[in-house]
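Here's the structure we're looking at; comments come further down.
The values are calculated or read from the model by the stated rules, or taken from the named source; none is laboratory data. Bear in mind the structure is a predicted one, so any value in this text is a computation, not a measurement. As a convention, Cβ positions derive from the backbone with ideal geometry for all residues, glycine included, and neighbour counts pool all protein chains shown.
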Amino acid sequence: MDAIDRKILAVVQEDASLSVAEIGQRVGLSSTPCWKRLQRLEADGVITKRVALIDPEKIGLGITVFVSVETGDHSQEWLGRFADVVNAMPEVMEFYRMAGDVDYVLRVVVQDMQSYDAFYKKLIATVPLKNVTSRFAMERIKSTTSLPIADLKVAR
């Protein structure tokens, strides 16, 4: 991946609706070489999908909860079951296995407290959990999907 690929990625992650010609113009390429680079970035799995971002509050999903999970069972079988259950829950926007004092962190988006309570009850009924801690976001100060591509060093 070279500096032009990085420029293409920076442009696309800011606005994936741009035409290939517009992307090319912004990075200094004509349409055909830009299209070929985009195709390669997609084939290589660098660009995984192109989506529309939706404001959760404007569609009634105003509560964000960060859920920390601790487990007493660290087996692959347990993780497989837990991952299957969590991945099937549409409220879970992000799911991480952690290092440190908690084992997993989920970012959950729901409509209201009743919706979160239903989610919580479903979560704790799935597999044995040692501890579940919920932290409710009071205000979203920064939220971005743009990775800091400009800060990456170009491979030599």
Have a look at T145, T126 and point out the one that is in contact with a helix residue (DSSP H, G or I) (Cβ under 9 Å, 6 or more places away or on another chain), part of a loop (DSSP other than H, G, I, E, B) and surrounded by 10 or more Cβ atoms within 10 Å (Cβ to Cβ). T126
Just one of the numbered conditions (1) modelled with pLDDT of 95 or more; (2) exposed (fewer than 12 other Cβ atoms within 10 Å of the Cβ); (3) farther than 26 Å from K142 by Cβ; (4) of a type outside the set (S, T, N, Q) is not true of Y96; which one? (3)
Filter region 37-54 for residues that are surrounded by 10 or more Cβ atoms within 10 Å (Cβ to Cβ) and not aliphatic (A, V, I, L, M); which is nearest to K7 (Cα to Cα)? R37
List the pairs whose first member sits in region 65-85 and is closer than 15 Å to F95 by Cα and outside the structural domain of V108 (by TED's automatic domain parsing), whose second member is part of a helix (DSSP H, G or I) and polar (S, T, N, Q), and whose Cβ atoms are under 9 Å apart, counting only residues at least 6 apart or on separate chains? none
Restricting attention to helices (runs of 4 or more DSSP H) lying wholly within region 1-117, give those where 2 or more residues are within 21 Å of P128 (Cα to Cα). 76-87
